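Worksheet: one structure, shown below.
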Amino acid sequence: MPVTRPDSFALDLSASSVDLTRQLCNIESVSGNERLLADLIEASLAAASHLEVIRNGDAVVARTTLGRGKRVVIAGHIDTVPVNANLPVRQEGSFLIGRGTADMKGGVAVALKLAAELVDPAVDITWIWYDNEEVASDLNGLGRLARSHPELLFADFAILGEPTSATVEGGCNGTARVEIRLHGVRAHSARSWVGHNAIHDAAEVLRILSEYEPAQLEVDGLVYREGLNAVAISGGVAGNVIPDEAVVTVNYRFAPSRTGDAAIAHLREVFAGFELVVTDLAEGARPGLDDPLARQFLEAVGGEASPKYGWTDVARFSALGIPAINYGPGDPLTAHTDDERVAIDEIIACERGLRTWLTTG
């Protein structure tokens, strides 16, 4: 069962990154309940004399100060979405299966092991493990650090250990959520002609969405697929009342070549004539693969870069002017699913790739 007592357990950073992934996953840390895991991470690094360890809420920062010419941030979130009878972790063949294996405790395990072992890296490194990534943006631990201690995020390059199946994914799409609010006139359903049905007006919004052709835009050599979809519909008063209000919630995933303002302007054009209210907006991040450190990293780990379609915290680094990429073990298609899983060889590959790059420069 997941660990519940901070004084009955310690993380074993001498274990393999695969075994460490299992340890981390079996410590339940659903968003808002990261305190125990943050405590254990902080305690496990206390004896590492080559690291300065800083605690901020349930985020832990550990950094070298070796006077190297370049500094790299390697970051990952320690929270997960809710558990659904998928802990403790089990192994089936070459996979670890359970909550957090892909998103993203495999990446966290790799970072922790390397943080403890790399006492003389070729670059200075800031390791960050943070809370509340899976919930509202204003609670995000990395965002909190950026607001309160931006100096801790200073770097020439950043790597976020989100699941990418051990390949490099550059940048990320932006995301916007808007409400299309429809207004009618309430009436008794037996005399519907004296009212106006707001829910029926949603048909036009759905028609627009069904006919919309999302763009595929090339940004710095990578092609990002956009998406525009209804994700919720609400409305209705009672079983015998013509509704006077309905709301269609729309999510727009936009390429990082668009600014957030440009994305909203595009939505207002698409839904011209409708009341549109913005409820959430997060900028995307350009790939940054033209940066020398990014090119060196890609050469070190091998393969070709691909775009990150979902939004990730690389956007926070991009907003600070820091080139950033996604690189971690785990298939993102299994993230948040009940059979979430990570391939063991991907954990090993990520550790090997990062270790090689960080020690050879």
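Worth pointing out:
- Qualifying residue in the range 259-270 (condition: among the hydrophobic types (A, V, I, L, M, F, W, C) and farther than 25 Å from GLU179 by Cβ): no
- For ALA232, the conditions (1) surrounded by 12 or more Cβ atoms within 10 Å (Cβ to Cβ); (2) at pLDDT 95 or above; (3) more than 17 Å from GLY174 (Cβ to Cβ); (4) under 23 Å from the mean Cα position of the chain (by Cα) are fulfilled apart from (1).
- Filtered residue count, the range 339-354, keeping only those that are more than 20 Å from ALA75 (Cα to Cα) and part of a helix (DSSP H, G or I): 2
- Of all residues in the range 191-211, none satisfies being of a type in the set (Gly, Ala, Ser), closer than 16 Å to THR175 by Cβ and not in a helix (DSSP H, G or I).
- With respect to being surrounded by fewer than 18 Cβ atoms within 10 Å (Cβ to Cβ) and under 27 Å from the mean Cα position of the chain (by Cα), LEU209 fits the description.
- Neighbours by Cβ (under 6 Å, 6+ apart or cross-chain): first from the range 72-86, closer than 15 Å to ARG35 by Cα; second in a strand (DSSP E or B) and modelled with pLDDT of 95 or more: HIS77/TYR130; ILE78/TRP129; THR80/VAL30
- The sole residue among GLY161, GLY141, GLY100 that is within 15 Å of ALA324 (Cβ to Cβ), under 20 Å from the mean Cα position of the chain (by Cα) and buried (at least 19 other Cβ atoms within 10 Å of the Cβ) is GLY161.
- Taken over the range 312-330, residues that are surrounded by fewer than 20 Cβ atoms within 10 Å (Cβ to Cβ) and either in contact with an Asp or Glu (Cβ under 9 Å, 6 or more places away or on another chain) or touching a residue at least 12 places away in the same chain (Cβ under 8 Å) (or both) amount to 2.
- If you go through the range 228-243 and keep only what is closer than 23 Å to VAL278 by Cβ and in contact (Cβ under 8 Å) with a residue 40 or more places away in the chain, you end up with LEU228, VAL231, GLY235.
The values are calculated or read from the model by the stated rules, or taken from the named source; none is laboratory data. For clarity, every value in this text was computed on a predicted model and none was experimentally measured. Positions of Cβ are generated from backbone atoms using ideal geometry, with glycine treated the same way; all protein chains shown enter the neighbour counts.
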